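Participant: Take a look at this one; I'll ask things after.
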Amino acid sequence: MKSIKSLFSIGFFLTLVAQASAQTPVDLIIKNALILTMDGQKTILENGMVVVSEDVIVSVSNGSDFEAYDAKEIIDAKGDIVMPGLINTHTHVSMSVFRSLADDVPDRLHRYIFPLESKLVSRDMVRIGANLGNIEMLKGGVTTYADMYYFEDEVAKTVDKIGMRAVLGETIIKFPVADAQNAQEGIDYALKFIEEYKNHPRITPAFAPHAPYTNTTLVLQQISKLSQELDVPVLIHLAESQRENEIIAERSNGLSPISYMNDIGALNRHLVAAHVIHADAADIALLKANDVGIAHNMSANIKSAKGVSPALEMFDKGLRIGLGTDGPMSGNTLSTIDEFNQVAKVHKLANNDRAAMPPIKVIEMATIGAARALHMEDKIGSLEAGKQADIIIIDTKAPNMVPIYNPYSALVYSANASNVRTSIVAGKILMRDRKILTVDEAKIVQEAQDYAKIVRKTVEESGEKLQ
């Protein structure tokens, strides 16, 4: 006869087995986190928990249901901030190889950038620059970005390899460029790119007409029609400069760029407009009525002295607006977190109001607001069950982050890109404790440094200064 003690041990073991078998198998749990969900109620959970199965968030809770899951991996956040991955709504990632060139040259785009690109843009250059920029963004907590450039299929390959998420637009412009001799060739290139990537789980292919003033009315109308037929985005620079205003006014009998786009039937929900600096109340009403997404690029806008976008007004009126960095030759950094401080402070100055653009609005524009700008709010931008598991963990114990009384204020006014500890996209850990896991960071940085020698030589031979 078995002893009472042995019977008790067997019963306890069977209870444990029963409990284990009742647990739901999942891939990842992040526990003991200060969670900024960015859901509709801006729910904050202290000592919270995020549960991930494959590429989807299963649960966001206070952690009381921890025993209900059997996870392959558990990350103890130890009180660090866990939040949605940041979304960069506008950049030109491959231009990272040109960073710090001609930063203060007047009319830099036409005098310096376009001529430099005509000499150097190639598949190799695009790949090298995209690899470098991807690492910078991922290390800064950017998990999704929207890009406009040439050979965008090369950018797509780098995004696929590192594991990020992106909306990638093939540039269309009326003069000869590296991958097309004219706008129609650019459209044809874009169509092939869209066909190749239209079913990719993390890459959304798009058209990217450079701007209204660098394309004809017929081309803009053609792209608009194709985007609606194929249900893909259109990325464009819009209402960015005085030059653009003048050219479009002459073309359209005095219309603003936004009014012109509306007049020709090219303003619609597929459009994501970058910059939107020169926009009055009538323009803003048109953008809202047509459900247009807007990329607000504060650093690039003020660095180029083009003005301060009415971004706060657009946000408060319910437009789809998110933060962007612009290219690394314009804003110089690609990490959205480095935009936070300037977005908050410059809008206070522009509105002569210390209370303008509070931190919670900045964080919204970097997460769910940016997702809305890209019409992706059903998939990303907040930590909610059923959404894609794009998650970042931010160190709250670094000296610049201590103490934290308001996590939104700490992120906007204190944090920097190096505070991002871990970046996760579609449930896969791409960076853990600052180490990139999917690509060779050192090799990519070295390749960019080597390519910089070619850039330097090209600039010097052109007679321009490395200024």
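The values are calculated or read from the model by the stated rules, or taken from the named source; none is laboratory data. As the structure is a prediction and not an experimental result, all values here were calculated from the model. All Cβ positions, even for glycine, are placed from backbone atoms using ideal geometry, and neighbour counts span all protein chains on display.
Participant: Report every pair of residues separated by at least 6 positions or lying on different chains whose Cβ atoms are under 6 Å apart, first residue within the stretch 168-182 and more than 19 Å from V93 (Cα to Cα) and assigned by TED's automatic domain parsing to the domain that holds R202, second at pLDDT 95 or above and not in a loop (DSSP other than H, G, I, E, B).
Facilitator: Note: pairs meeting the criteria are K174/A183; K174/T214; A180/G186; A180/Y189.
Participant: Given the structure, is M357 over 18 Å from I87 (Cα atoms) and under 17 Å from the mean Cα position of the chain (by Cα)?
Facilitator: In short, no.
Participant: Related question: Would you check if A366 is closer than 20 Å to H92 by Cβ, crowded, with 24+ Cβ neighbours inside 10 Å and in contact with a strand residue (DSSP E or B) (Cβ under 8 Å, 6 or more places away or on another chain)?
Facilitator: On the way: closer than 20 Å to H92 by Cβ: yes; crowded, with 24+ Cβ neighbours inside 10 Å: yes; in contact with a strand residue (DSSP E or B) (Cβ under 8 Å, 6 or more places away or on another chain): yes.
Yes.
Participant: Quick test for you: out of E250, E196, E185, E229, pick the one residue that is in contact (Cβ under 8 Å) with a residue 40 or more places away in the chain, assigned to a helix (DSSP H, G or I) and of a type outside the set (S, T, Y).
Facilitator: Result: E196 is the single residue among E250, E196, E185, E229 that is in contact (Cβ under 8 Å) with a residue 40 or more places away in the chain, assigned to a helix (DSSP H, G or I) and of a type outside the set (S, T, Y).
Participant: Between a residue in the stretch 269-289 that is more than 18 Å from V343 (Cα to Cα) and any residue that is basic (K, R) and loosely packed, with under 15 Cβ neighbours inside 10 Å, which pairs come within a Cβ distance under 8 Å, given they are 6 or more apart or on different chains?
Facilitator: What qualifies is I284/K317; K288/K317.
Participant: Residue by residue through the stretch 254-272, note down the ones that are closer than 19 Å to V219 by Cα and part of a loop (DSSP other than H, G, I, E, B).
Facilitator: Those that are closer than 19 Å to V219 by Cα and part of a loop (DSSP other than H, G, I, E, B): L255, S256, I264, G265, A266, L267, N268, R269, H270.
Participant: Follow-up. Among the residues of the stretch 403-443 satisfying the criterion of being of a type in the set (G, A, S) and farther than 17 Å from V159 by Cβ, which is surrounded by the most Cβ atoms within 10 Å (Cβ to Cβ)?
Facilitator: A415
Participant: For the stretch 136-155, what are the residues that are more than 19 Å from A211 (Cα to Cα) and part of a helix (DSSP H, G or I)?
Facilitator: E136, M137, L138, K139, D153, E154, V155
Participant: Tell me the residue from R372, R354 that is assigned by TED's automatic domain parsing to the domain that holds G141 and either at pLDDT below 95 or touching a helix residue (DSSP H, G or I) at 6+ places or on another chain (Cβ under 7 Å) (or both), please.
Facilitator: R354
Participant: Name every residue in the stretch 273-287 that is over 21 Å from the mean Cα position of the chain (by Cα) and either acidic (D, E) or outside any loop (DSSP other than H, G, I, E, B) (or both), in order of residue number.
Facilitator: Correct list: D280, A281, A282, D283, I284, A285, L286.
Participant: Then there's this: Here are some conditions: (1) of a type outside the set (S, T, Y); (2) out of contact with any strand residue (DSSP E or B) (no Cβ under 9 Å at 6 or more places or on another chain); (3) in contact (Cβ under 8 Å) with a residue 12 or more places away in the chain. M298 meets all but one. Which one does it not meet?
Facilitator: (2)
Participant: Quick one: in the stretch 41-62, which of the residues that are within 22 Å of A366 (Cβ to Cβ) and free of Cβ contacts under 8 Å to residues at least 40 places away in the same chain is surrounded by the fewest Cβ atoms within 10 Å (Cβ to Cβ)?
Facilitator: In this case the residue turns out to be Q41.
Participant: Sticking with this one: Can you tell me how many residues in the stretch 214-242 are surrounded by 19 or more Cβ atoms within 10 Å (Cβ to Cβ) and more than 25 Å from the chain's Cα centre (by Cα)?
Facilitator: Looking only at that region, the number is 3.
Participant: Let me ask something additional. Looking at (1) of a type in the set (S, T, Y); (2) at pLDDT 95 or above; (3) closer than 22 Å to V276 by Cα, which one does S330 not meet, given that it meets all the others?
Facilitator: (2)
Participant: Of everything in the stretch 184-205 that's more than 21 Å from M376 (Cα to Cα) and not hydrophobic (A, V, I, L, M, F, W, C), which residue is surrounded by the fewest Cβ atoms within 10 Å (Cβ to Cβ)?
Facilitator: Restricting to residues being more than 21 Å from M376 (Cα to Cα) and not hydrophobic (A, V, I, L, M, F, W, C), the top hit is K192.
Participant: Which one of these is in contact with an Asp or Glu (Cβ under 8 Å, 6 or more places away or on another chain) and surrounded by fewer than 19 Cβ atoms within 10 Å (Cβ to Cβ): A178, A208?
Facilitator: A178
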